[in-house]
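Step one of this worksheet: look at the structure below.
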């Protein structure tokens, strides 16, 4: 009845006149009572109250209600139905994740692969209207999840990713080409690949530079993220006596990753620890945050005619009572 908002809320202050009017009437009532002297009031003590006497204050109450209805009508209560229409062109993003054996190095906590999965999960949480897909690779590459808006499904599939799903190796070019293939037919306004790896391309039929040229042809921007500490990193090695940590040289082809990003108007990042990796994904998130255009539509429905109707009905009720049951004798 009151709706979601008022077009002229300032008029609601006039409702304060209602309690002020009631108080004024109660105060003036003491001076409007006439007295008649009787020798004794005993004969009237048990006299029944007439209907007229019981309803004597009803017209005044109706009058105050009429005034209240008119004030609310002047304030123009409204209901609002709103809808957000996203532009048809948004952002399509493919996450390309290295799951090779070197991603088990423990220069990140607990290791590179788990750290990468965690920040990717947080990145997905930060998006709302973008289609996101997931490609994983080592010696080969395959699509773990196609482009989707069903983020819970995507996150579940991301959680299932682990080392050993594919033969070991690092097919960076093949993985990038796979990501490009997922995006080449997209009608999105912006198409993005986020490629994360810690190694050097040593497998696959396509080299990273060729894959980058294909991405540039389709207008796909590639952000490359190289992970790994400077120098050496502890790596778990299976021995007859159990798993031992062995320091191994970090082998990352930054030159190729920089070239891939540059050729596609993207950007290269180097992550040497968990916090740096998180900050990189936050920066990429900001870089790809201005592409969606949202238009909000609001429809207002006026409710003041209902209040005018109630006020008119109450006014007619007051007139009816004044002309019948509560008619005053001149």
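The values are calculated or read from the model by the stated rules, or taken from the named source; none is laboratory data. Note that the structure is a prediction, hence the values are computed from the model and not measured. Note that each Cβ is placed from the backbone with ideal geometry, even for glycine, and that neighbours are counted across all protein chains shown.
Considering only residues that are crowded, with 18+ Cβ neighbours inside 10 Å and touching a helix residue (DSSP H, G or I) at 6+ places or on another chain (Cβ under 7 Å), look in segment 279-309 and name the one that is modelled with the highest pLDDT.
The selected residue is 281.
Within segment 195-239, which residues are over 19 Å from residue 102 (Cβ atoms) and either touching a strand residue (DSSP E or B) at 6+ places or on another chain (Cβ under 6 Å) or not assigned by TED's automatic domain parsing to the domain that holds residue 92 (or both)?
If the condition is that a residue be over 19 Å from residue 102 (Cβ atoms) and either touching a strand residue (DSSP E or B) at 6+ places or on another chain (Cβ under 6 Å) or not assigned by TED's automatic domain parsing to the domain that holds residue 92 (or both), then 215, 220, 221, 222, 223 are the ones that fit.
I'm told residue 5 meets every condition in (1) modelled with pLDDT under 80; (2) surrounded by 15 or more Cβ atoms within 10 Å (Cβ to Cβ) except one. Can you identify the failing condition by its number?
(2)
Among the residues of segment 207-239, how many are part of a strand (DSSP E or B), without any contact (Cβ under 8 Å) to a residue 60 or more places away in the chain and under 39 Å from the mean Cα position of the chain (by Cα)?
Going through segment 207-239 one residue at a time, the tally reaches 6.
Filter segment 255-278 down to residues that are surrounded by fewer than 13 Cβ atoms within 10 Å (Cβ to Cβ) and in a helix (DSSP H, G or I) and give me whichever is farthest from the chain's Cα centre (by Cα).
Applying the filter and picking the extreme gives 255.
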